[in-house]
1. Need the full-extension length gain, SER91 to LYS264, defined as separation in residues times 0.36 nm minus the C-alpha distance. One decimal, nm.
2. Pairs LYS97/LYS250; LYS11/LYS77; LYS71/LYS153; LYS103/LYS180; LYS180/LYS236; LYS221/LYS264: which are spaced more than 32 Å apart, C-alpha to C-alpha?
3. Tell me, in nm to one decimal, what length is gained between GLU55 and GLN157 on full extension, where the rule is 0.36 nm per residue of separation less the Cα-Cα distance?
4. Tell me, in nm to one decimal, what length is gained between LYS99 and TYR142 on full extension, where the rule is 0.36 nm per residue of separation less the Cα-Cα distance?
5. Rank-order 229-239, 125-135, 200-210, 13-23 by packing density, defined as the average count of other C-beta atoms within 10 Å over each peptide's residues, highest first.
6. Give me the distance in nm between label points sitting 7 Å out from Cα along the Cα-to-Cβ direction at ASP184 and LEU69, one decimal.
7. ³J(HN,Hα) across segment 55-65 via Karplus (A = 6.51, B = -1.76, C = 1.60, θ = phi - 60°), whole Hz, x for Gly/Pro?
8. List, in order, the whole-Hz ³J(HN,Hα) value for each residue of segment 108-119 obtained from phi through the Karplus relation with A = 6.51, B = -1.76, C = 1.60 and θ = phi - 60°; use x for Gly and Pro.
Amino acid sequence: MVKTIGILSIKGGVGKTSIAASLAADLVNHHKKKVLLIDANYSAPNLGLHMDIVEPKRTIHHVLDNRALVKTAIHSKFGVDVIPGSYSYRSRLNYLKLKDRIKSIKDNYDFVIIDSSPSMNEEILSTMLASDNLFVVTTPDYPTLSCSLQAAKLARQRGRPINGIIINKIRDPFYELSLKEIEDSTGIPVIARIHDDKIHSRSLFTRIPASIYNRRSRFGKEINRLGAAIVGEKEKRSLFGKLFGSGFKKEEVNRQVLREDFYKSMFKE
Ligand SMILES: Nc1ncnc2c1ncn2[C@@H]1O[C@H](COP(=O)(O)OP(=O)(O)OP(=O)(O)O)[C@@H](O)[C@H]1O
Ligand SMILES: [Mg+2]
């Protein structure tokens, strides 16, 4: 049964698109899954540039405007089926139709990943309503955390509780919010911790998702662990963990719970 995952945040530039593109590419190339990746950041749609799709002729904007069939807006890149957005589309669109527009094709996939807009309006609601599962991306600082709290509140109001938080761009942990502080204030489990990494400049420059550009990078490995959790595979432990039998990190335990939740929900539907 297909799983639809929305990747969101109310703050711009925290890494939603980088993570959505890399998670999709990881699920296809390292976990052998079929994935549809959709750009739902309608006002600033740059998923295409992360996935090496430049100036697409048919986009999610055309689909929402009834000017293209959804199938014809799919571009295959790195094994992922991608529906990019259009920078130049000017007509007023009903973004809340996204769920309905992908209904006819979503069962062809194991996962549908939706890259959200950070705008607290119909754009973010479009992702919330079209997704069965939501991951919030945050950076470990107070301004972004307060936005993540708002996202969590909005999702709860819409009956779409958030499944997990991804902490991105960890730079200087001593001066940043810890996993515990983020979990205590949001009440949501942290399912991945990602450090600031120069691989992203290289990935953007070459237009290759970072998880493919270098799957052995710190970023590539953490995305792979998250991918393993949602496909129901056992997580590979780090060499340090294996050699010294160190305890599990909190995010590893949370991924174990996520794995079980995803597994159970397959039988509910
Ligand atoms: N872990 C990271 N380390 C370093 N740079 C990163 C990391 N994650 C993302 N970036 C960089 O941060 C910038 C913003 O990333 P991205 O476009 O994915 O954010 P976004 O949340 O989708 O932004 P928007 O809200 O504008 O859509 C990009 O230049 C990207 O390469
Ligand atoms: Mg983005």
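1. 58.1 nm
2. Listed pairs above 32 Å: LYS97/LYS250; LYS71/LYS153; LYS103/LYS180.
3. Between GLU55 and GLN157, full extension yields an extra 33.1 nm.
4. Working it through step by step, the gained length comes to 12.2 nm.
5. 13-23, 125-135, 200-210, 229-239
6. Result: 5.6 nm between the two label points.
7. 6, x, 7, 10, 9, 4, 5, 5, 5, 5, 8
8. Running phi through 6.51 cos²θ - 1.76 cosθ + 1.60 with θ = phi - 60° gives 7, 10, 7, 9, 10, 10, 10, 8, 8, 7, x, 6 Hz.
Rule-based calculations on the coordinates, nothing more; no lab input. None of the values given here were measured: they were computed from a predicted structure. All Cβ positions, even for glycine, are placed from backbone atoms using ideal geometry, and neighbour counts span all protein chains on display.
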